[in-house]
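Participant: So that we are looking at the same thing, I have put the structure below in structure tokens.
No lab work stands behind these numbers, since they all come straight from the coordinates. Keep in mind that what you see is a predicted model, and the values were worked out from it rather than measured. No Cβ is skipped: glycine too gets one built from the backbone with ideal geometry, and neighbour counts run over all protein chains shown.
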Amino acid sequence: MTLIDDLLELNLVERQLRGLKSRVDSAQIYCRAQKRQMNDLEQRHEELETRRKQRQVTINGHETDTAAIDERLTKLREDLNSAANTKQYSTVLEEINTLKSTKSGTDDLILNELSDIEALDVDLEAVKSEMKERQTVLDSAEKELQEREAEIADRVAELQTERDVKASVIPASALSTYDQCADDFDGDAMAPIEEIDKRRREYSCSSCNLNMPFNIVVQLMTGADSLTQCENCLRILYITPEMKAEAVAK
Ligand SMILES: [Zn+2]
């Protein structure tokens, strides 16, 4: 077995493995999309809750101010009743009126905040109901994904073991080149040389049709223990057993 033979065997298992895994890909993509949407909703919910809390803090502040004003007003009303003269009376009355107007302003501010909170509550309810719907969709998407994964789990484990065995005989640097190609081209890592015109020594990469100089073909025929990648599409090039047999027969 040459290095290329070993790689071709590995490639066969790799492709089966990827084909099988691709069956769960769509379920995985769908599931991820649902999760992303759920995260967006959770974020929106959190934002609304934070804004609601901020409004409540502002209201609490205003209420503290109002309580202080009320206390002062009670005291002033007593002073008003016990005013010794008109001047004193009107001074106290003036402060009462100022405080009353301040209080009315604060009451307006509180009402504004309350109406903001009401609007936020409407938004919060809408987000909550959207989250509930999304959760139902997400649950069924996750269930579907688990089912599909379970369907292929045994076969994937078998193939994975087989792949490990096939990979174990391949030198590390060649394996790393192969793995890179397999990842980059979704399992389509290797390409046979195609004979276009034998007499004129015209050959090409069967994956991208790039013309191959004859010396590369000769190199592939003989030195099977080093890898040659297509300059254009980067597939690992090889000579098919048929071509090799033909060359030997000649
Ligand atoms: Zn190519």
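Participant: Between GLU47 and TYR30, what is the label-point separation in nm under the 7 Å Cα-to-beta-carbon projection?
Facilitator: A separation of 2.9 nm, rounded to one decimal place.
Participant: To continue, here is another question. Beyond 28 Å between alpha-carbons counts as too far, so tell me which of LYS21/LYS132; LYS21/LYS166; LYS53/LYS103; LYS21/LYS244; LYS53/LYS75 fall in that bin.
Facilitator: Details: LYS21/LYS132 31 Å; LYS21/LYS166 19 Å; LYS53/LYS103 23 Å; LYS21/LYS244 34 Å; LYS53/LYS75 34 Å.
Correct reply: LYS21/LYS132; LYS21/LYS244; LYS53/LYS75.
Participant: In square nanometres, what is the average projected area of the Cα convex hull of the chain? Working shown, then result.
Facilitator: Working: hull surface 99.6 nm².
Hull-based average projected area comes out at 24.9 nm².
Participant: Could you size up the charge dipole of the range 64-189 around its Cα centre, putting +1 on the beta carbon of Lys and Arg and -1 on that of Asp and Glu, and report it in debye to the nearest 20?
Facilitator: The calculation lands at about 960 debye.
Participant: For the pair ASP164/VAL248, report the inter-label distance in nm, with labels modelled 7 Å from Cα in the Cβ direction.
Facilitator: Here the answer is 3.4 nm between the modelled labels.
Participant: Whose amide H sits under 5 Å from the amide H of GLN229, counting only residues 5 or more places off or on another chain, with H placed in the peptide plane?
Facilitator: So GLN229 has HN proximity to LEU237.
Participant: Report the gain in length on full extension from SER22 to ASN81: 0.36 nm times residue separation, minus Cα-Cα distance, nm rounded to one decimal.
Facilitator: Values: separation 59, 0.36 × 59 = 21.24 nm, distance 8.88 nm.
Full extension from SER22 to ASN81 adds 12.4 nm.
Participant: Further question on the same structure: Expressed as an acute angle from 0 to 90° and rounded to the nearest 10, what is the orientation of the C-alpha long axis of helix 3-81 relative to the principal long axis of the chain?
Facilitator: With both axes taken from Cα atoms, the answer is about 10 degrees.
Participant: Using a 4.7 Å Cβ cut-off, which Cys residues in the chain lack a partner cysteine?
Facilitator: So, CYS31, CYS181.
Participant: In addition: How much length, in nm to one decimal, is gained on full extension between GLU130 and SER104, taken as 0.36 nm per residue of separation minus their Cα-Cα distance? Write down the numbers at each step before the final one.
Facilitator: Working: separation 26, 0.36 × 26 = 9.36 nm, distance 3.94 nm.
So the chain would gain 5.4 nm between GLU130 and SER104.
Participant: Further question: Taking the Cα centre of each part, how many Å lie between the range 113-190 and the range 9-76?
Facilitator: 21
Participant: Next question. Roughly how tilted is helix 86-168, in degrees to the nearest 10 and between 0 and 90, from the longest Cα axis of the chain?
Facilitator: In the chain, helix 86-168 runs at an angle near 20 degrees to the longest axis.
Participant: Work out the charge dipole of the range 174-234 with +1 on the Cβ of Lys and Arg and -1 on the Cβ of Asp and Glu about the Cα centre, then indicate which of CYS205, MET190, VAL217 is farthest towards its positive end.
Facilitator: Positive-end residue among those listed: VAL217.
Participant: To the nearest 20 debye, what is the magnitude of the charge dipole of the chain about its Cα centre, counting +1 on the Cβ of each Lys and Arg and -1 on the Cβ of each Asp and Glu?
Facilitator: 520
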